[in-house]
Structure formats: C-alpha cells, structure tokens
1. Normalising by the residue count of the stretch 225-293, find the relative contact order in percent from Cα pairs under 8 Å and 6+ residues apart.
2. For the chain, what is the charge dipole size about the Cα centre, in debye to the nearest 20, if Lys and Arg each add +1 at the Cβ and Asp and Glu each add -1 at the Cβ?
3. Once you keep just the Cα pairs under 8 angstrom separated by 6 or more residues, what percentage relative contact order results for the stretch 154-325?
4. Between 237, 225, 154, find the one with the highest GNM mean-square fluctuation for the chain; connect C-alpha pairs within less than 10 Å.
5. Ignoring ligands, DNA and RNA, what percent of the 1.4 Å accessible area of the chain is carbon and sulfur?
6. Under the Kirkwood approximation applied to all pairs of distinct alpha-carbon atoms, what is the hydrodynamic radius of the stretch 154-325 in Å?
7. Figure the gain on full extension for residue 322 and residue 249 (residue separation times 0.36 nm, minus the Cα-Cα span) and round it to one decimal in nm.
8. Pull out the extension gain between residue 197 and residue 96, defined as 0.36 nm times the separation in residues minus the alpha carbon to alpha carbon distance; nm, one decimal.
Amino acid sequence: MGLARQSRAGGAAAGTAGALSVTLLLGIETSCDETSAAVVESSGPGERPELRSLVILSQDVHAVFGGVVPEIAARAHLTSIVPVVDKALADAGIGFSELSAVAVTHAPGLIGALLAGVSYGKALAHSLDIPVVAVHHMEGHLFAASLEDPDAEPPFMALLVSGGHTMLIDCPAWGSYELLGATRDDAAGEAFDKVAKLLGLPYPGGRYVEELAARGKPGRFKFKPPMLDGTWKANQPGYHDVSFSGLKTAVLNAVRGSSDIERDRADIARGFQDALIETLVEKTVRAADERGRSRIVLGGGVACNRTLVAAARKRAERIGATVHSASPRLSTDNAAMIARAGLFHFERGERAELSLNAFATLPIPGLKNAAGF
Ligand code: KG4
Ligand code: ZN
C-alpha cells in the first residue's frame, strides 16, 4: 500500500540500462505554496549530480491573508503544475521521453497541496512508463546545500529550520539520520513570521524581520535565549530541544509596552533575532561537538538568514567545524532539493508504487531519534 511507500528494486543500477547510462530525474515540489519542478542529471551513484533546471512559482496570493490558505494553495498547484514542469524540461533542453524517473514530495505538508503534486507525478510517470520515487520534504532540505557545495556531504550535524519544522539531526551517512532535538512549540520560521506580524511586516516575514533587525540597536531590548540556561544539562531529555513560544510572548509584551513603536520596532526585531539565533547556534554547535562532527549543514527557509549563518560560522570555528548552507533559492522550498534526494533513493533502487499516497505528517525515512524509537 501507499504507506509502505517504497520498495527496493534489485540494487543500485535498477532502472538504468547499461554502465554508461545517464539518469535524468524530474523533481516535483508542491507541499506548501511553491509550485516547483527541477531536472537533475547523474552519471551514476557516487558522481556529483548536475542541476539542469529549476523553476519555482511562488503563490503570492497568500500574502493578503497573512498566511497560507490550504484550499487556495491546492487549487493553484493544479493550475500551475503543467506549465511549471514544461518550463523545467524546456530549460533543461530535454523532452519527456528522455526522463528516467519522477521524484515527488509526498510528505509532510498541506494534504491538498501534496496531493496535487503526487497525483501529477504518478500520472506522468505512469504515462511515460518510468518509475516514481517518493521524497520526504525535510530530507530534501537536508540535501539542498550539497547541490552547490561539494563539502556539504555526510558525516555532518544538520539544523533544519523552516516554516513548519525545527530539527537538529545527526547525519553519519545519507539515508541514516538521528533526531537529537526539535522545537517543543513553534518552528523557527513560524516564530519569525509571527513576530513579523506583531511588528506590522508582510507575510512571510522572516526576511523582513532580518532586514529590520539589521537597523536595530543590539541590547536595547534584551530577550532571554530560550532553553539555554543551566537547568538544561547534557544527557538529560530536552537538552537539544528548542522552544520559541516564550520568546514570542516576550516580543508581544515589548510591543504592547512600547510608547513609541515606530522608534522601537527595529530594536525589538534585533533583540528577538539575537535571542533566537543564539539558541539555535549554541544548540547546533554543541551537538556537533558532542558527536565529533566537523561539518554543520543548515537547511530550510530560515537558513536564508545571513545573520544566522554568520553567527553559526563564528561559533563553529571554536570547535574547528565548517558551516554549509545553500543559496536562498535552494534554501526555501524548491524542487531541486527534491530531485536530489529523489536521485539518492532512485540510485539505491527504491521505487514507489502507484498507490503512493500523501501524508500531512510522516517521519523522515531512516530517522531514529535520540531515545532510540
Ligand atoms: O523551508 P521554507 O521555504 O518552507 C517550509 O518548508 O516551511 O521556509 C519558509 C520559512 C518562512 O517562515 C520564512 O519566513 C522563513 O523561512 N525565512 C526566513 C528568511 N527567509 C525565509 N526567516 C528568517 N530570515 C530570513 N532571511
Ligand atoms: Zn520547506
């Protein structure tokens, strides 16, 4: 059935014909409000794949509602998916008949939005008589930096920070992941978006908060970095977790308590961002140190935040680790990362059945958590 979504089909070379065959894989991403398609090319497992094309159509319509409206998102994917895929193939200079496989995000995300991509991907693969491969959106974010940076390869410690997730993942090898920590409430991107709203900024607000914070005075509004005080001891449950709801409330109180919000907005944004970044960076570098990882990979939309990346680099230097993150285009939702993760599973011989379903929530395949379940 769809839940047992992927089976192995006879080894690494399955689905490819002959030793010199090139794989051209189409990736499709529709989990939220970006309709995206990309083509990656691989000359074989172990070779660095090449991104041949990437098309991202963002649904700006949601900005007027101050958040993504699931029904509108699903309908917009239905009308955009065909031209977006056509353009991705045209940009790659290939026709449908040259495709080796289709990889599609099937979880997690908005169910109607996911179903638009999954239904299209399955129908396309079936009509071309090529395999379809299911991809977990967050595993896509893990792969994003590797498309541009040859050093963003395992083993590494990863911080995934998006609008829906905040996860600290140890990755000894592709396909093998251990969840060390996660948010107990809001995701990092969600916290940015909610604070943006409090400060009167547009949706999605992460980048506007970053811009505003850059003009703010450090220390004028001091917020406590969440879950960093001495009560959280190494080896105790929660040590690697984060939480942003208290910080968000502190920002709300500062906004309400301000007698001149125009004067204070940038300083509040600065105080919020400094506290959030301190927690994320400290927890990530600490975890990397604990596991002896000399590489740290940042992924997800919040990894577009240059202040976060710079702070992570500076702090990682103290343990001799390097920090790797993708360009903004590949950090926010895109099909290139889905194609790259899909290629990994395709080259391992994994194939989804045509009964493949979409799931609003699902663990990353190969993920075990620190407690061992
Ligand atoms: O990964 P993504 O594109 O979508 C999800 O999978 O959720 O992440 C979107 C999130 C939004 O919350 C957005 O505000 C945030 O990434 N974001 C940023 C920045 N750019 C995007 N947050 C902080 N600073 C930024 N520069
Ligand atoms: Zn995402």
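The values are calculated or read from the model by the stated rules, or taken from the named source; none is laboratory data. A quick note: this is a predicted structure, and the numbers were derived from the prediction, not measured. With ideal geometry, Cβ positions are generated from the backbone for all residues, glycine too; neighbour counts draw on all protein chains shown. Each accessible area value is taken on the protein alone, full model and side chains, heavy atoms only, with ligands, DNA and RNA left out. Shrake-Rupley method; radii C 1.70, N 1.55, O 1.52, S 1.80 Å.
1. Relative CO of the stretch 225-293 lands at 41 percent.
2. Value, rounded to 20: 980 debye.
3. Answer for the stretch 154-325 is 28 percent.
4. Result: 237 has the largest fluctuation of those listed.
5. 55 percent
6. Every distinct Cα pair counted, the radius reaches 16.1 Å.
7. Extra length available between residue 322 and residue 249 comes to 22.9 nm.
8. 32.0 nm
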